[in-house]
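The values are calculated or read from the model by the stated rules, or taken from the named source; none is laboratory data. Just so it is clear, the structure is predicted and the values come from calculations on it, not from any experiment. Virtual Cβ from ideal backbone geometry, glycine too; neighbours counted across all protein chains shown. We work out accessible area using only protein heavy atoms, side chains counted, and drop any ligands, DNA or RNA first. Shrake-Rupley method; radii C 1.70, N 1.55, O 1.52, S 1.80 Å.
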Amino acid sequence: MELKKVIKAEKLDEVLNLLAENRERAKVIAGGTDFVIQLREKKIAPEVIIDISDVDELNFIRKSGEFIEIGAATKFTTIKNSGIISDAFKGLKDAAGHVGSPQIRNLGTVGGNICNGSPAADTVPALLALGAVAVVKSKNNTREVPLEEFYLDRGKVKLEPDEILYAVKFLNSKPGQGLGFVKLGLRNALAISSISIAVFVETDNDINCKDVRIGSGALAKFPIREKEVEAFLKGKTLHEDVIEEATEFFGKILEQRLAGRPPVEKDYKPYAIKGVFKEALNKALSVVC
Amino acid sequence: MKKRGKGIACIFYGTGYGNGFPDVSRAYAELQPDGKVAIYTGATEVGQGAKTALSQIPAEVLGLSVDDIIFINEDTSITPDAGTAAATRQTYNTGNAIKMAAEELRNELIKIAVKELELNSDIGLKMKDGKIFLEIYPDKCITFSQIAAMQEEPLRKFAVFTAQTVQIDPETGQGAPYWPYTFSACAVEVEVDTETGKVEVIRGAHAQDVGRAVNPTLIEGQMDGGFAMAMGYVIYEDLGLENGKIWNNKLSSYIIPTSMDMPEIQNIIVEDPENTAPYGAKGIGEPVMISVGPAILNAIYDAVGVRMTEIPVTPAKLLKAIREKEQKEA
């Protein structure tokens with residue numbers, strides 16, 4: 001399709017109407033840090049581009065009852081510096097702070113990070129570990145989907161042509177909870193994740209693991225929950241030897257999962273995961289309050 | 001576990017084309033009507049600072065400020081050939097040619113001054129800020145622009161410098177293939193994550209013999225740049241070559257270090273003037289990179305006891321080597 005129109009939207013209603021009207025012909029642009037590259041490489045060729053970067057209704061971090069809600073067009077820099085996200089969930093801010101470079105973080109948005117469907121999206125493992133829910137809107141409907149069910153394939157999410165990701169939300173932190181995030185990249189800035197891991201834990205005073213959720217990046221076609229490792233840890237006391245066993249177990253899972261992948265993945269990630277996972281879990285435990 | 005290690009390395013490096021190959025630079029120095037001096041030479045500025053350093057040299061010869069040197073290069077229709085900006089040769093080779101041309105111009109200017117000022121000899125004549133004057137009687141003075149006004153054709157001097165190297169004996173490998181040589185040394189401390197194979201260079205010290213520092217700030221810039229390039233070469237830059245296909249064919253996957261990866265580096269400039277060089281200055285373009293790589297590899301060995309013999313030492317390769325060592329020891 002030939003690009004005919006770029007529409008700078010100001011209101012959410014306007015966006016939803018345009019999507020209803022144009023459906024497959026339209027694509028939404030927010031920060032554009034992935035979008036513009038895809039456009040240049042002709043991987044996407046929309047007829048209509050709807051720019052949502054200045055739609056205030058999509059740009060917010062707020063408390064809503066028990067939840068924290070983050071608007072889809074909220075920039076990484078805003079998340080990184082948010083005072084609303086608690087110290088216990090600092091891992092989410094860390095994840096946003098690991099995206100690309102300051103320039104990319106000043107443009108790129110959390111909604112774009114999710115909807116682009118990259119396996120290496122930095123904020124998604126943290127949101128998965130928080131048990132986040134995607135709030136999706138269309139002209140006549142609003143629906144909620146657990147983020148872990150939102151992915152279809154590499155680069156593909158469950159959005160109908162007339163739908164937009166409106167926000168993500170997760171339960172605010174409670175005493176005993178913590179989130180840790182670690183990204184292993186090949187350098188300290190502008191790095192695409194080799195592995196990223198976010199661990200959410202809830203413990204009692206004796207470091208018994210009451211609940212745990214693990215989000216991973218760059219270990220599958222899209223960011224996923226590592227439920228087998230979660231099940232292994234749940235109910236156990238998080239002593240060093242238990243953590244060590246869990247990391248070994250995680251490595252074994254990856255050996256199987258990545259068996260068919262190129263050497264740079266299958267000969268590396270099942271082993272490198274151990275250090276990354278341990279650090280993420282320890283970070284989570286260190287911020288539990 | 002994170003383990004730290006230290007490593008050092010030192011190198012010597014022959015600058016210039018070498019091995020008897022004719023290594024020639026040419027330059028003109030030309031007096032301008034306003035008393036400034038133009039240098040014409042085919043030296044190429046590729047970001048290394050050639051225009052600055054090669055303007056400082058004639059300014060020094062002629063007692064002018066750098067602002068009074070008009071440096072004309074990279075235009076082959078009006079500049080003489082000065083060879084390539086390669087082989088760490090421009091400061092030494094073209095610097096020499098420019099210095100010689102400027103000296104010729106200086107001698108001519110003095111000769112004219114002696115005549116015009118009706119002096120017995122050139123003894124005690126000084127050249128400073130576009131004026132030639134008698135130190136013991138400064139009223140005896142003539143300016144460059146006054147001399148320029150007297151000329152029918154612009155006063156212009158030419159010089160050629162050819163470096164002295166000898167082809168080595170093809171049978172014995174003996175001879176003097178390069179001149180001058182330069183020396184450098186590097187020390188680094190690294191931190192290796194034994195569980196991910198990631199190497200972080202946490203600090204470095206880097207010493208470079210420069211002969212004479214024509215421009216210390218530019219030299220430090222070259223040293224920082226050489227350090228970064230070597231870090232990229234040794235621990236980051238991987239083409240991902242597989243059956244003739246390059247996987248890392250873009251700068252998002254073929255990665256070079258960013259400022260976030262660079263450690264604090266202590267640069268040490270060593271001045272040991274070279275007597276065939278312009279004011280003793282030798283080239284440093286390439287040598288600033290060479291010692292950094294082996295120093296990093298030595299530091300990795302010191303940290304984890306693994307001797308890496310293939311670069312780049314990517315986290316995947318290093319982790320594999322660390323695991324093999326652990327398995328062997330177990």
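Before moving on, here are some points about what is shown:
- Meets criteria (more than 9 Å from chain A (Cβ to nearest Cβ), in contact with a strand residue (DSSP E or B) (Cβ under 8 Å, 6 or more places away or on another chain) and buried (at least 19 other Cβ atoms within 10 Å of the Cβ)) for B:ILE269: no
- Restricting segment A:249-267 to residues that are of a type in the set (A, V, I, L, M, F, W, C) and more than 13 Å from chain B (Cβ to nearest Cβ), the residue that is least open to solvent (accessible area, probe 1.4 Å) is A:LEU254.
- Taking first residues from segment B:221-244 that are more than 15 Å from B:VAL188 (Cα to Cα) and partners that are among the hydroxyl-bearing types (Ser, Thr, Tyr), the Cβ contacts under 8 Å between residues at least 6 apart in sequence or on separate chains come to B:TYR236/B:THR314; B:GLU237/B:TYR254; B:ASP238/B:TYR254; B:ASP238/B:THR314; B:LEU239/B:TYR254; B:GLY240/B:SER253; B:GLY240/B:TYR254.
- Test for A:LEU179: is it at pLDDT below 95 and either more than 14 Å from chain B (Cβ to nearest Cβ) or within 20 Å of A:TYR268 (Cβ to Cβ) (or both): no
- Lone unmet requirement of (1) among the basic types (Lys, Arg); (2) under 16 Å from B:LEU155 (Cα atoms); (3) open to solvent by less than 70 Å² (accessible area, probe 1.4 Å) for B:ARG106: (3)
- Segment B:174-186, subset more than 18 Å from B:MET231 (Cα to Cα) and open to solvent by less than 10 Å² (accessible area, probe 1.4 Å), residue farthest from the other protein chains (Cβ to nearest Cβ): B:PRO180
- Among the residues of segment A:188-205, those that are within 12 Å of chain B (Cβ to nearest Cβ) and either among the hydrophobic types (A, V, I, L, M, F, W, C) or surrounded by fewer than 19 Cβ atoms within 10 Å (Cβ to Cβ) (or both) comprise A:ASN188, A:ALA189, A:LEU190, A:ALA191, A:ILE192, A:ILE195, A:ILE197.
- Candidate set: segment B:283-313, residues that are assigned to a loop (DSSP other than H, G, I, E, B) and open to solvent by less than 20 Å² (accessible area, probe 1.4 Å); chosen: the one nearest to the other protein chains (Cβ to nearest Cβ): B:PRO312
Here is a yes/no grid of residues against (1) buried (at least 19 other Cβ atoms within 10 Å of the Cβ); (2) touching a Lys or Arg at 6+ places or on another chain (Cβ under 6 Å):
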position: A:PRO102; (1), (2): no, no
position: A:ARG105; (1), (2): yes, no
position: A:GLY108; (1), (2): yes, no
position: A:GLY112; (1), (2): yes, no
position: A:CYS115; (1), (2): yes, no
position: A:LEU128; (1), (2): yes, yes
position: A:VAL133; (1), (2): yes, yes
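- B:THR162 vs. criteria surrounded by 19 or more Cβ atoms within 10 Å (Cβ to Cβ) and either in the same structural domain as B:ARG89 (by TED's automatic domain parsing) or among the β-branched types (Val, Ile, Thr) (or both): no
- Every condition in (1) more than 14 Å from every other protein chain (Cβ to nearest Cβ); (2) within 21 Å of the chain's Cα centre (by Cα) holds for B:MET231 except the one numbered (1).
Here's the yes/no breakdown for (1) open to solvent by less than 40 Å² (accessible area, probe 1.4 Å); (2) modelled with pLDDT of 95 or more; (3) in contact with a strand residue (DSSP E or B) (Cβ under 6 Å, 6 or more places away or on another chain):
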{"position": "B:VAL61", "(1), (2), (3)": "yes, yes, no"}
{"position": "B:ASP68", "(1), (2), (3)": "no, yes, no"}
{"position": "B:GLN90", "(1), (2), (3)": "yes, yes, no"}
{"position": "B:ILE98", "(1), (2), (3)": "yes, yes, yes"}
{"position": "B:ALA101", "(1), (2), (3)": "yes, yes, yes"}
{"position": "B:GLU118", "(1), (2), (3)": "no, yes, no"}
{"position": "B:ILE132", "(1), (2), (3)": "yes, yes, yes"}
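- Elements of type helices (runs of 4 or more DSSP H) in segment A:1-90, at least 2 residues being open to solvent by less than 90 Å² (accessible area, probe 1.4 Å) and within 23 Å of A:LYS169 (Cα to Cα): A:12-22, A:76-80
- Here B:GLY20 meets the list (1) modelled with pLDDT of 95 or more; (2) surrounded by fewer than 18 Cβ atoms within 10 Å (Cβ to Cβ); (3) among the small types (Gly, Ala, Ser) almost entirely, failing just condition (1).
- Positions within segment B:282-292 being of a type outside the set (Val, Ile, Thr) and within 9 Å of the chain's Cα centre (by Cα), in sequence order: B:LYS282, B:GLY283, B:GLY285, B:GLU286, B:PRO287
- When B:ARG323 is tested against (1) outside any loop (DSSP other than H, G, I, E, B); (2) surrounded by fewer than 17 Cβ atoms within 10 Å (Cβ to Cβ); (3) more than 10 Å from chain A (Cβ to nearest Cβ), just one condition goes unmet, and that condition is (3).
- Residues located in segment A:268-289, provided they are closer than 22 Å to A:LYS90 by Cβ and either open to solvent by 20 Å² or more (accessible area, probe 1.4 Å) or out of contact with any Phe, Trp or Tyr (no Cβ under 7 Å at 6 or more places or on another chain) (or both): A:GLY275, A:VAL276, A:LYS278, A:GLU279, A:LEU281, A:ASN282, A:LYS283, A:LEU285, A:SER286, A:VAL287, A:VAL288, A:CYS289
- When B:GLU200, B:GLU189, B:GLU237, B:GLU171 are checked against the criterion of being within 12 Å of chain A (Cβ to nearest Cβ) and out of contact with any Pro (no Cβ under 7 Å at 6 or more places or on another chain), a single residue qualifies: B:GLU200.
- Among residues that are under 20 Å from A:LEU179 (Cβ atoms) and within 13 Å of chain B (Cβ to nearest Cβ), A:ASN282 is included.
- Some residue of segment B:179-193 being closer than 30 Å to B:GLU104 by Cβ and out of contact with any Asp or Glu (no Cβ under 7 Å at 6 or more places or on another chain): yes
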